[in-house]
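The values are calculated or read from the model by the stated rules, or taken from the named source; none is laboratory data. From a predicted model like this one, the values you see are computed outputs, not experimental measurements. Methodologically, a virtual Cβ is constructed for each residue, glycine included, from the backbone with ideal geometry; neighbour enumeration extends over all protein chains shown. Just the protein is used for accessible areas: all its heavy atoms, side chains included, with ligands, DNA and RNA removed. Shrake-Rupley method; radii C 1.70, N 1.55, O 1.52, S 1.80 Å.
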Amino acid sequence: MAASFRVLLVMEDKRGVPFYRGIVRRLKEEGHLPACVAIEGVRKCEKCNSKLGRIVKAALAPLRARGASDRVIIVVDAEGRPPEQAREETSRHVPAEHRERTRVVVLPYCAEEWVCVSLGLPFGSERTPAEALKDHLRRQRGAKADYQKHMLGSFVDKLDMGRLMKHPSFREFVEALRP
């Protein structure tokens, strides 16, 4: 196995970067991932955008090239739409020659769903994960507390990894990170 397994994360919103980096740190600390896994960078790109193909091509330039990634993981929010539709829309922008080393991880709603699953907060068609999290924070901190996307990273150390490992999109993310 290589000294490090370099992963480039591509996501729609860079405000989630500390959250995903923190999750990878926790997964390694708790033995769910080997220590060689390294998030080498994060790029922002909309899920259905021709720029996505160029990002993947550049990241997966010949494997032996200096600075090339070993894998690209594209994290996509389905935002309540069918996850396979979001995966299909995204995958069509990945060049065929790079599909083997590219993974598309679809969250049925958004990254906040992992926090809600971990904390046991219900969400669904009537209430988005962000709304569930907002209600939770208001109950905990008072009426003035409100959830904002930049707060996502602050939940990393509060996550119940055992509970999350049972959640399909989280398991898919962990599997995508494995060499």
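Condition check for Val7 on (1) farther than 24 Å from Pro95 by Cβ; (2) surrounded by 14 or more Cβ atoms within 10 Å (Cβ to Cβ): one failure, at (1).
This table checks each residue for (1) within 16 Å of Tyr109 (Cα to Cα); (2) at pLDDT 90 or above; (3) of a type in the set (D, E, K, R).
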residue: Ile55; (1), (2), (3): no, yes, no
residue: Leu63; (1), (2), (3): no, no, no
residue: Ala86; (1), (2), (3): yes, yes, no
residue: Thr90; (1), (2), (3): yes, yes, no
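Total residues in the range 65-84 satisfying the condition of being within 14 Å of Ile39 (Cα to Cα), open to solvent by 20 Å² or more (accessible area, probe 1.4 Å) and modelled with pLDDT under 90: the figure is 1. Taking the criterion of being free of Cβ contacts under 8 Å to residues at least 60 places away in the same chain and open to solvent by 20 Å² or more (accessible area, probe 1.4 Å), the residues of the range 22-41 that qualify are Lys28, Glu29, Gly31, Ala35, Ala38, Ile39, Glu40.
Applying the criterion of at least 1 residues that are closer than 17 Å to Val76 by Cα and open to solvent by less than 40 Å² (accessible area, probe 1.4 Å) to the helices (runs of 4 or more DSSP H) found wholly in the range 100-179 leaves 112-119, 129-141, 168-177. Within the range 85-95, restricting attention to residues that are open to solvent by 30 Å² or more (accessible area, probe 1.4 Å) and of a type outside the set (Ser, Thr, Tyr), which residue is nearest to Glu40 (Cα to Cα)? So, considering only residues that are open to solvent by 30 Å² or more (accessible area, probe 1.4 Å) and of a type outside the set (Ser, Thr, Tyr), the one nearest to Glu40 (Cα to Cα) is His93.
With respect to the conditions (1) open to solvent by less than 40 Å² (accessible area, probe 1.4 Å); (2) within 18 Å of the chain's Cα centre (by Cα); (3) not basic (Lys, Arg), Gly53 lacks only one, and its number is (2).
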